[in-house]
Amino acid sequence: MERAARAFWLATPDHGEIREVALPPVGAGDVLVRALWSGISRGTESLVFRGGVPVSQHTVMRAPFQDGDFPAPVKYGYLAVGTVEEGPAGLLGRTVFCLHPHQTRYVVPAAAVTPVPDTVPAARAILAGTVETAVNALWDAAPLVGDRIAVVGAGMVGASVAALAGRFPGVRVQLVDADPTRAATAAALGVDFALPGDALGDCDLVVHASATEAGLTRSLELLAPEGTVIEMSWYGDRKVSLPLGEAFHSRRLVVRASQVGAVSPARRSHRTFGDRLALALDLLADPAFDALITGECAFEDLPATLAAMTAGNLPGLCHRVRYETA
């Protein structure tokens, strides 16, 4: 008998709905996962929700288990945690993380799920994809002992980068954001906080994750001579401009991209995507990361939640989605 599940679909830009979907048979190398939690990747999923993925990026932006095509209808998402109900004996009953859209149950290859360590609560494990992005950024950035580092943009990704960078010996890490309420997030993560106008300069390294033109401009201003900005923001179809005149050349500044779709060249020869994700899950044993989860809704409320988030009416960091599957 064909089994069914329910999934969130973006039917048209700015309009989401819950649809019933048929599950494929569970093959010999597959697992059937019952969803417990999923997370909304606020920046990317809001951009997808409003139909803002540029045509040139439709292929690059595809999620691993996405159905449909941009702009819509499309089933999108990649922060899912659940329990394996069917599959190999070594995974049966295990809590796993998977880069799967928001869906009550799903069938994927067993190699596509990563067991969640016993030290990490399932409800926190939804942050694995975000922390994995931060790990990749720090592999790209390669901070040194004693570096002066600013992270501009205290969203999910920026806050995760700051939390990990703060563990390097002797570093000065400051999380910078225009929202003064993010000071509490910084404190929970054990790093300093500043509004953009008060941020400390002379930085060896600035990680930019605010997805704003003003944030990228301020990142350049905070650099010491020959310093580097690691650009993590995804602007979608928006154009941004930079002050590449002024002192940009005389101070020999660098702007370099970091994107999670490929393992950093600094580790690519001997680390896989699976290695990187497993490391991110291990790092989530730290309860400080709970500060990044600032809201929760039921799966059935996801269409309204994403609409409110995209409209700017639901502030916060990671929004967690709760499943009531039997």
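The values are calculated or read from the model by the stated rules, or taken from the named source; none is laboratory data. Computed from a prediction, not measured in an experiment: that's the story for all the values here. So basically every Cβ, Gly included, is an ideal-geometry build from the backbone, and we count neighbours across all protein chains shown.
General observations
- Cβ pairs under 8 Å, 6+ apart, first in region 279-308 and over 16 Å from S41 (Cα atoms), second part of a strand (DSSP E or B) and of a type in the set (S, T, Y): L281/T114
- Hey, A134 surrounded by 18 or more Cβ atoms within 10 Å (Cβ to Cβ) and of a type in the set (A, V, I, L, M, F, W, C) or not: yes
- Taken over region 223-239, the residue count meeting the criterion of being among the hydrophobic types (A, V, I, L, M, F, W, C), over 22 Å from the mean Cα position of the chain (by Cα) and within 18 Å of D140 (Cβ to Cβ) is 1.
- Residue match in region 38-45 (condition: touching a residue at least 40 places away in the same chain (Cβ under 8 Å), of a type in the set (D, E, K, R) and either over 30 Å from T294 (Cα atoms) or part of a helix (DSSP H, G or I) (or both)): yes
- For region 197-217, the set of residues classified as touching a helix residue (DSSP H, G or I) at 6+ places or on another chain (Cβ under 8 Å), surrounded by fewer than 18 Cβ atoms within 10 Å (Cβ to Cβ) and not hydrophobic (A, V, I, L, M, F, W, C) consists of G201 only.
- Flag for R251 being of a type in the set (D, E, K, R), modelled with pLDDT under 95 and under 29 Å from R50 (Cα atoms): no
- Taken together, L284, L292 contain a single residue that is touching a Lys or Arg at 6+ places or on another chain (Cβ under 8 Å) and under 15 Å from V161 (Cα atoms), which is L284.
- Looking only at residues of region 148-177 that are touching a Gly at 6+ places or on another chain (Cβ under 8 Å) and in a loop (DSSP other than H, G, I, E, B), we find that the one that is surrounded by the most Cβ atoms within 10 Å (Cβ to Cβ) is G153.
- Of the residues making up region 182-198, at least one is in contact with a Leu (Cβ under 6 Å, 6 or more places away or on another chain) and assigned to a loop (DSSP other than H, G, I, E, B).
- Subset of region 50-73 (residues that are surrounded by fewer than 18 Cβ atoms within 10 Å (Cβ to Cβ) and β-branched (V, I, T)): V55, T59, V60
- Hits in region 178-191 - residues which are within 12 Å of V152 (Cα to Cα) and surrounded by fewer than 20 Cβ atoms within 10 Å (Cβ to Cβ): A178, D179
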